[in-house]
Amino acid sequence: MSTDDNGTPLLAARGLVKAHGKTQALRGAALELRAGEILAVTGASGSGKSTLLHCLAGIVRPDQGSVVYGQERLDQLPERRLSELRRTEFGVVFQFGQLIPELTALDNVALPLMLSGAGRREAQGKAGEWLERFGVRGQKDLRPGEMSGGQAQRVSLARALVTGPKVVFADEPTGALDSLAGEQVMTALVHTAREAGTAVLLITHDAQVAAYADREVWLRDGAVVSEHAQQEMAR
Ligand SMILES: Nc1ncnc2c1ncn2[C@@H]1O[C@H](COP(=O)(O)OP(=O)(O)OP(=O)(O)O)[C@@H](O)[C@H]1O
Ligand SMILES: [Mg+2]
């Protein structure tokens with residue numbers, strides 16, 4: 001997997017078009033993410049942020065346009081390779097949770113490691129450290145139905161980061177947290193990402209959260225408008 005040594009982006013999307021039934025969610029969205037970069041994506045509700053994230057992470061195939069990750073066209077890859085990438089190189093925090101309801105916090109975080117071949121004891125040890133980083137070690141034996149929304153969100157972040165991915169895609173990772181807890185989670189996420197050189201694509205409504213990013217882009221009606229345009233619109 002090539003990284004950023006010659007200035008090429010790690011991930012590049014061009015001309016993304018995606019419809020959900022009659023709703024045109026993306027209309028020509030384009031975006032680049034460099035290795036180790038923290039990029040915030042903001043925009044009104046319904047502007048296409050989650051759809052964009054799902055296309056970039058190889059979860060949803062765009063109707064038109066390209067997504068290039070390293071040397072590979074994600075929009076054309078077979079499902080088998082996509083799921084391998086999602087398991088090994090990507091970490092995803094979904095807007096609406098997606099922890100496994102039958103598993104405890106600890107086992108939810110340990111699972112991606114075990115799927116990659118780690119033994120249970122080793123995986124649980126590492127999972128415990130990640131729960132600690134996000135301040136939810138005390139909840140390690142709770143199942144998702146027994147956690148608060150904010151606790152579930154922190155467990156989801158731990159699960160996305162535990163495998164040491166190259167890119168983390170986080171959809172409103174602090175949406176269910178109050179501002180102090182949100183700040184702690186963002187600090188832990190940004191600190192970890194910088195330390196490990198992980199690129200982060202961070203969707204948020206919150207200007208304070210976006211301020212943690214290296215760069216911010218704005219999505220409007222399914223297209224990315226430039227940072228400059230965002231300042232123009234704010235006037
Ligand atoms: N599975 C779906 N079926 C039908 N319409 C969908 C589906 N997912 C998204 N949409 C529509 O596509 C548009 C973009 O949705 P998307 O979830 O990408 O927006 P968003 O920017 O993430 O919004 P929010 O900030 O509220 O999470 C919206 O109009 C939404 O109603
Ligand atoms: Mg969304």
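At a glance:
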| read-out | value |
| --- | --- |
| Yes/no for Val155 being β-branched (Val, Ile, Thr), touching a helix residue (DSSP H, G or I) at 6+ places or on another chain (Cβ under 6 Å) and part of a helix (DSSP H, G or I) | yes |
| Complete set of residues in region 52-85 that are without any contact (Cβ under 8 Å) to a residue 40 or more places away in the chain and within 19 Å of Thr174 (Cα to Cα) | His54 |
| From Val167, Val92, Val67, Val109, residue being modelled with pLDDT of 95 or more, surrounded by 15 or more Cβ atoms within 10 Å (Cβ to Cβ) and either charged (D, E, K, R) or within 16 Å of ligand 1 (Cβ to nearest atom) (or both) | Val67 |
| Which numbered condition Gly125 fails, given (1) buried (at least 16 other Cβ atoms within 10 Å of the Cβ); (2) not in a loop (DSSP other than H, G, I, E, B) | (1) |
| Members of region 140-177 found to be β-branched (Val, Ile, Thr) and free of Cβ contacts under 8 Å to residues at least 40 places away in the same chain, listed by number | Thr174 |
| Failed item in (1) in contact with a Ser or Thr (Cβ under 9 Å, 6 or more places away or on another chain); (2) at pLDDT below 90; (3) charged (D, E, K, R), with Glu227 passing the rest | (1) |
| Count - residues of region 174-202 that are assigned to a loop (DSSP other than H, G, I, E, B) and either among the polar types (S, T, N, Q) or at pLDDT 85 or above (or both) | 3 |
| Hey, Val41 of a type outside the set (D, E, K, R), within 15 Å of ligand 1 (Cβ to nearest atom) and assigned by TED's automatic domain parsing to the domain that holds Trp218 or not | yes |
| Complete set of residues in region 39-58 that are out of contact with any strand residue (DSSP E or B) (no Cβ under 6 Å at 6 or more places or on another chain) and near ligand 2 (Cβ under 9 Å from one of its atoms) | Ser45, Gly46 |
| All positions within region 170-209 that are within 16 Å of ligand 1 (Cβ to nearest atom) and on the phi > 0 side of the Ramachandran plot | Glu172 |
| Residue match in region 73-84 (condition: in a strand (DSSP E or B), surrounded by fewer than 18 Cβ atoms within 10 Å (Cβ to Cβ) and within 16 Å of ligand 2 (Cβ to nearest atom)) | no |
| Answer from Leu106, Leu131, Leu180 - the residue that is more than 26 Å from Ser50 (Cα to Cα) and without any contact (Cβ under 8 Å) to a residue 40 or more places away in the chain | Leu106 |
| Which numbered condition Leu31 misses (of (1) assigned to a strand (DSSP E or B); (2) at pLDDT below 95) | (2) |
| Identity of the residue in region 23-38, within 16 Å of Val68 (Cβ to Cβ) and among the aliphatic types (A, V, I, L, M), that ends up nearest to ligand 1 (Cβ to nearest atom) | Ala29 |
| Of all residues making up region 15-38, the number that are touching an Asp or Glu at 6+ places or on another chain (Cβ under 9 Å), away from ligand 2 (no atom under 16 Å from the Cβ) and of a type outside the set (Gly, Ala, Ser) | 5 |
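The values are calculated or read from the model by the stated rules, or taken from the named source; none is laboratory data. Because the structure is predicted, anything quoted here is derived from the model rather than measured. Using ideal geometry, Cβ is built from the backbone for each residue, glycine included, and neighbour counts are taken over all protein chains shown.
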